Amino acid sequence: MRSLDRAVRSIDKKAMVIPMPFKSWSDANISVRRGEVSMIAGPPGAGKSTAALAIAVRSQVPTLYASADSHESTMAIRSLAMVLNLPQAEAEEKMANDPQWASLILKDKIGHIRWMFDASPTLADLEDEINVYREVMGANPELVVVDNAVDVTHESGDEFSSLRSLMREVKWWSRDTSAAFLILHHTSEGYEGYPCPPRASLHGKIAQVPSLIITLSSDQPGLMAAAAVKNRYGPADATGKTAVWMDYFPTTMTLKDMD
């Protein structure tokens, strides 16, 4: 048993949140918090992986990144392009011509990230990976990214059951490890929302668990809109109409506050 009067004495306010690389998100009270589940959702191609990778790379906290959606070579190219501000095609060419150089760059810039590349991981696989991380690194990860939720399989074979089970598990894991869990997820077609999809569009209707849900849209060239459709620690608009606009260039994996 614990008492709150003692617990609050040991709380470090700065340690409660993952360092946010986007000032526009921080200004809107959008924060990815330790011990909580956060979600980035949107249609295919909206930039979910870019946003999650930018947070993982630039936060510089010990991270476990479960990339079921993309192969390790793809993530290496994207990461290299992001940290060097290069077009992905150029990053791929440089990596092929000088893999030793690319390896040193990635070790220096994103050595704080450990990766899991199972294409269809089960809940048990994810739990095993967290335990392996803890054993190898001697501590829990501070940030865990799951890209993306629908790729995590469940023994029942039912997609909606898998999603619900995943959310129950990551909620428990976040409390057990005090890590921030960032889950990437799809929104369903057929929902109108401008500029971003509404909370109701979340595939599988799993909005109950996350303390933060951000939906994304990148319909306009060079721009990404991010809307807090659920935010336990700040303002939210479930319709997706209240959004933060950012500069977004997929070719170079560039996502930043607008100039």
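The values are calculated or read from the model by the stated rules, or taken from the named source; none is laboratory data. Everything quoted here is computed from the prediction, not taken from an experiment. Because the Cβ atoms are built from the backbone with ideal geometry, glycine has one as well, and the counts that use them run over all protein chains shown. Accessible surface is based on the protein model in full, side chains and every heavy atom, while ligands, DNA and RNA are left aside. Shrake-Rupley method; radii C 1.70, N 1.55, O 1.52, S 1.80 Å.
With a simple spin-label model that places each label point 7 Å from the Cα along the Cα-to-Cβ direction, the separation between VAL150 and SER73 comes to 2.6 nm. Considering helices alone, the calculated mean residue ellipticity of the chain at 222 nm is -10500 deg cm²/dmol, with DSSP H runs of length four and up weighted by -39500 (n - 2.57) and normalised per residue. Modelled label-to-label distance, TYR233 and ASN85, 7 Å Cα→beta-carbon offset: nm? Roughly 3.0 nm, to one decimal.
Between GLU189 and MET137, the FRET efficiency estimated from the beta carbon spacing at R0 = 51 angstrom works out to 0.80. Determine which residues of segment 204-239 fall in the zone a paramagnetic label at MET16 would reach in this model, i.e. backbone nitrogen under 11 Å from the point 7 Å along Cα→Cβ. So the set is 233-234. R0 = 35 Å: FRET efficiency of LYS205 with ASN29, Cβ-based, nearest 0.05? E between LYS205 and ASN29, to the nearest 0.05, is 0.90. Which is the longest part of the chain that has none of the trypsin sites (Lys or Arg not before Pro) sitting in a DSSP loop with at most 14 other Cβ atoms within 10 Å? Here the longest run is 3-204.
Among the listed pairs LYS109/LYS171; LYS48/LYS205; LYS94/LYS256; LYS205/LYS241; LYS171/LYS256; LYS109/LYS241, those whose Cα-Cα separation exceeds 27 Å are LYS109/LYS171; LYS171/LYS256; LYS109/LYS241. Between (i) 76, 40, 31; (ii) 64, 41, 34; (iii) 57, 46, 43, which entry matches Cα extents along the principal axes in Å as derived from the coordinates of this structure? Step by step, Cα extents along the principal axes in Å for this structure corresponds to label (iii). Among the chymotrypsin sites (Phe, Trp or Tyr not before Pro) within segment 211-254, those in coil by DSSP and having at most 16 neighbouring Cβ atoms inside 10 Å are TYR233.
Might you tell me the accessible area per residue for the chain, computed with a 1.4 Å probe and given in Å²? Walk me through the numbers on the way to the answer.
On the way: 12880 Å² over 259 residues.
Accessible area per residue, the chain: 50 Å².
Overall, the accessible surface of the chain at a probe of 1.4 angstrom is composed of carbon and sulfur to the extent of 51 percent.
According to the square roots a ≥ b ≥ c of the eigenvalues of the Cα gyration tensor, what is the shape class of segment 90-137, taking rounded for a/c under 1.5, prolate for a/b larger than b/c otherwise, and oblate for the remainder? It comes out oblate by the Cα gyration axes. Annotation for segment 157-183 versus segment 191-259: alpha-carbon center distance of 21 Å.
Between GLU127 and ALA96, the FRET efficiency from the beta-carbon distance, with R0 = 22 Å, is close to 0.05.
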